[in-house]
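Take a look at the structure set out below.
The numbers here are math on the coordinates, done by the rules we state, and not lab data. Computed from a predicted model, the values in this text were never measured in an experiment. Note that each Cβ is placed from the backbone with ideal geometry, even for glycine, and that neighbours are counted across all protein chains shown.
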Amino acid sequence: MPPHPLPLPSGERGRMRGKGVFMKKPLVGILMGSESDMPIMEKAAEVLKEMGVPYEMEISSAHRLPEKTAQYAKTARKRGVEVLIAGAGMAAHLAGALASHTTLPVIGVPIKSGALNGADALYSTVQMPPGVPVATVGIDGAKNAAYLACEILSIKYPEIFKRLDDFRSKMKKSLEEKSKAIKKKRP
Ligand code: RP5
């Protein structure tokens, strides 16, 4: 049980169906700089699906689609989106560009691509100037970006808190079982 079992925010009640917390409106926006980022960013979508968190996915780019990127960030909060996840490789400015147009939390995923294997994307994403933060996960860390988004949302949504809690318990149990199996083989 959540320590503070908050009721669903008013206006949201009654929309809980099936596994999704709110089936209708996306709470998380997943953006990526190119279609080539999809194999990595898909992992964020899988985690959100598993957690029952509705999301939307878009290709946008700080450099190739700057107007679309700005427009998306400027309108996201009004549309009900609460957290943004942005994956990009090379000179990765997507997460930072989004963050410059919104005060929603932005989580950056540096993607491994190009000659520098993601080190360039990591630095470009993480080194934001004070006042415009981007919460940056590891290179190709799309799964953790989604878990972090769930953790942020869990402050407001008790259902997400519960799913995160269950996930952690299962992870712990599974690792303990694996450890026991190894000990049996090599006591
Ligand atoms: C970045 O450049 C994208 O996010 C991608 O990771 C990288 C390469 O893009 P493509 O040339 O594969 O479209 O903007």
Classified through the alpha carbon gyration tensor (a ≥ b ≥ c as square roots of its eigenvalues; rounded if a/c is under 1.5, else prolate when a/b is larger than b/c, else oblate), the stretch 45-110 comes out oblate
Per residue convex hull volume, Cα only, the stretch 89-187, in Å³ is 129 Å³
Contour minus Cα-Cα span, GLU67 to LEU116, at 0.36 nm per residue, comes to 14.9 nm
Expressed in angstrom and rounded, the centroid-to-centroid distance over alpha carbons for the stretch 132-187 and the stretch 60-106 is 25 Å
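Order of 32-41, 115-124 by packing, highest average Cβ count within 10 Å first?
Top of the packing list down: 32-41, 115-124.
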Per GNM of the chain with C-alpha springs under 10 angstrom, the most fluctuating residue out of LYS173, LYS78, LYS25 is LYS173
Length gained if LYS183 through LYS74 is fully extended, taking 0.36 nm per residue and subtracting the Cα-Cα distance, is 33.8 nm
Length gained if GLU50 through TYR123 is fully extended, taking 0.36 nm per residue and subtracting the Cα-Cα distance, is 23.3 nm
Label model pair ASP166, LYS25: point-to-point distance (7 angstrom along the Cα→beta-carbon line) in nm is 2.5 nm
Taking r as the C-beta separation of GLU58 and LEU175 and R0 as 35 Å, the FRET efficiency to the nearest 0.05 is 0.50
Where a ≥ b ≥ c are root eigenvalues of the Cα gyration tensor, a/c under 1.5 meaning rounded, otherwise prolate if a/b exceeds b/c and oblate otherwise, the chain counts as oblate
